[in-house]
Amino acid sequence: MIEDGSSGPKAYFPGPRSENESWVRSEFQAIVDDWFDWRRNSLPGDPAAIGAEERLTPGFLVERERTAQALAELMALLRRETPTYSPRYAGHMVSELSLPALFGHFTALLHNPNNTSREVSKIGTVIEAEAIAMLAEMVGFDPAVARGHFTSGGTMANFEGVWRARYRLDHWLALALWIAETTGETLDLFAAAHMGWARFAELVSRYEPPAAELRQASAVAGNPADVFRRIGVACGRDYSGPVVLVPGNKHFSWQKAANVFGLGEEAFWSAGLDAEGRLDVADLERRLEDAATAGRPVLAVVSVAGTTETGEIDPVDRVCDLLENLQAGRGWRIWHHVDAAYGGFLCTIPDGRHEAVLSPRVRKALKAVGRADSVTIDPHKLGYTPYACGTFLARDADRYTVSVFDAPYLERPHLAQDLWSATLEGSRPASGAAAMWLTGRTIGFRPDRFGAILAGTVRARQVFQDAVRAALPDLRFLEPADSNIACFSLASDGEALSSANRRTAALYDAVREDGDFHLSMTTLRRPGQAAQIAAHAARYGLEDDDDRLVLMRGVFMNPYWSSASVSERLVPEFVAALRRSIETVGA
Ligand SMILES: *Cc1c(COP(=O)(O)O)cnc(C)c1O
């Protein structure tokens, strides 16, 4: 069963040949039966609205036929959709849906709760809270105190992190500004912006600031231009606002956040990447010192567990060490958000029988995710859940709190009846929560369960890589691969990088043209990814003459790769397709 990594997925996925069709059909039937039964019996005394004879009138039958035809057309259209369920699809971060996720999603869809409010969604919100607790436990948060909610995806979950980090910093800074203006003392901007809630509470009780005046001193609740100017006066130098420190391999959702939150793209400071493409912690530390010197408070430090381009895992553990040391030594409390949109579910692998598929430092990084302030996870990626399903998690209720518009600025009411005030999105479905809830109750997020499935995907990436290396030595893998994404370029011995880049792009076109397997393409660029590009050129003896590295990218998240019958047939076919494509590219 699932303890055997190779056969585990078999009970939990439809099967590439619809192998599980008969029992999937019976479960869908059971879901629909139960839905009709619920509708028929929950208000049994109510009148029917559609009569038996009416349903046989010509007018009714015409409408029925119209719907049936349009539906058939829709189904025919969707049959031409990319078959992302197939192991032949390794293009982007999408693959098969798990059966628990599909059943959970579909069941909740029929009931259609709106989780914006506990008052209406009395069950949907409970399911959501339970699913959040399961995911919180998975990443190492204490599920009894962690908070969070489902979002439409990783982009929104990252925005939720920025929103809360900004709320916290804004409170600390507003109070310090008010005190500086009231007492005439100089504002120590950087220390004030990272003071912590204990110090905040102590200062509030000592100075008893009027809430209305604090509101005026807030750059979020008051007028930001006015508040920035006042901060400049209080600390004796111009104030340019806070910065967010993101690794150079950031997802473009962070640029969107800079735009949406009005921070300015300049406020997104890149921390350097090392030769293996991961966040360089020494550079992060320098950037933090730069921020302190420049009088730019740090809204948040972001680390990425599973980069979108190459699946790399930043040293989350060492980022935590750094920030914890800065807190102990300098009193700075700096928000740490882990963008684990892709890699969050890999947290199920460490400490289990399959943990050796991940390198020791990747395991250490994943085990530290629970030390962060907040985390993004995308169930619609490695959670095998239908779109749109992202998750925002905060370590505790304090970190989950955001500005409540009509509440007094000083009160920080925790989760109330109405969840809408705590989420950027308004109306929200319960289907993603139900999909994760059922996944947690069946597969479960333990190393021998979900961890076994994901370990199988990491192994599949290794098997592919070994087969390609043995057969096609001109395909040069980007090393090391931290997870289940393999990236490679086409280059012969001593070839110039510029020429290899051109041929790799041509190979991508050829593989697309061939059509048997789907891969994607990604490009690493200098200066952000300079060390990684140089390392790749040096490893394979390529002449380093270009400012970028073009890579083919294979995302081996499909669960069927770990089935022997699939890998024995399709790995050689994949190699053959790549060989054909390389031949059309030429030298
Ligand atoms: C996919 C991804 C996102 C964005 O998630 P969406 O669900 O597409 O909005 C953010 N960060 C990382 C690292 C991702 O891989």
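For a footprinting-style exposure proxy, rank W561, W38 by other Cβ within 10 Å, fewest first. Provide the component values of the computation, followed by the final result.
Working: W561 24, W38 11.
Sorted ascending by nearby Cβ count, the order is W38, W561.
In this model, which of K250/K364; K10/K250; K122/K367; K10/K367; K10/K364 are farther than 23 Å apart at the alpha-carbon? Spell out each step's value before the answer.
Working: K250/K364 21 Å; K10/K250 35 Å; K122/K367 34 Å; K10/K367 28 Å; K10/K364 30 Å.
Among K250/K364; K10/K250; K122/K367; K10/K367; K10/K364, the Cα-Cα distance tops 23 Å for K10/K250; K122/K367; K10/K367; K10/K364.
What whole-number value in cubic angstrom gives the convex hull volume per residue for the C-alpha atoms of the range 435-587?
Numbers: hull volume 19.6 nm³, N = 153.
Here the figure is 128 Å³ per residue.
Arrange D516, D283, D378 by Cβ neighbour counts within 10 Å, fewest through most, would you? Show your work: numbers first, answer last.
Working: D516 14, D283 17, D378 27.
Arranged by neighbour count, lowest to highest, D516, D283, D378 become D516, D283, D378.
Quick one: which residues, 5+ away or cross-chain, put their amide H under 5 Å from the amide H of S117? H built at 1.01 Å from N.
Counting only residues 5 or more places away or on other chains, the set is L419.
State the percent of C-alpha pairs, over all pairs in the chain, separated by a distance greater than 33 angstrom. If you can, show how the numbers build up before the last one.
Numbers: 86428 of 171991 pairs.
For the chain, the share of Cα pairs beyond 33 Å comes to 50 percent.
Ranked highest first by average number of other Cβ atoms within 10 Å, how do 258-271, 497-510, 51-64, 342-355 line up? Numbers along the way, then the final one.
Values: 258-271: 15.4, 497-510: 19.9, 51-64: 9.7, 342-355: 23.2.
Listed from highest to lowest mean packing, they are 342-355, 497-510, 258-271, 51-64.
Amide H to amide H, which residues 5 or more places from L478 or on other chains are under 5 Å from it, using H placed in the peptide plane?
C487, F488, S489
Less than 27 Å apart at the alpha-carbon level, and either on another chain or at least 8 residues along: which lysines does that give for K256?
K381
Give me the log10 of I(q) over I(0) for the range 50-141 at q = 0.11 Å⁻¹, as the Debye formula computes it from C-alpha points; what are the numbers?
Normalising to I(0) and taking log10 leaves -0.66.
Using θ = phi - 60° and the Karplus curve 6.51 cos²θ - 1.76 cosθ + 1.60, what whole-Hz ³J(HN,Hα) does each residue of the range 192-199 get, with Gly and Pro shown as x?
Values per residue, Gly and Pro as x: 5, 5, 10, 5, x, 6, 5, 5 Hz.
Using Cβ contacts closer than 10 Å as the measure, can you line up K256, K367, K122 from fewest to most?
On the way: K256 13, K367 16, K122 10.
In order of increasing Cβ crowding within 10 Å: K122, K256, K367.
None of the figures in this text is laboratory data; all of them are computed from the coordinates on show. The structure presented is a predicted model; accordingly, all values stated were derived computationally and were not measured. Counting neighbours? That spans all protein chains shown, and the Cβs are built from the backbone with ideal geometry, glycine included.
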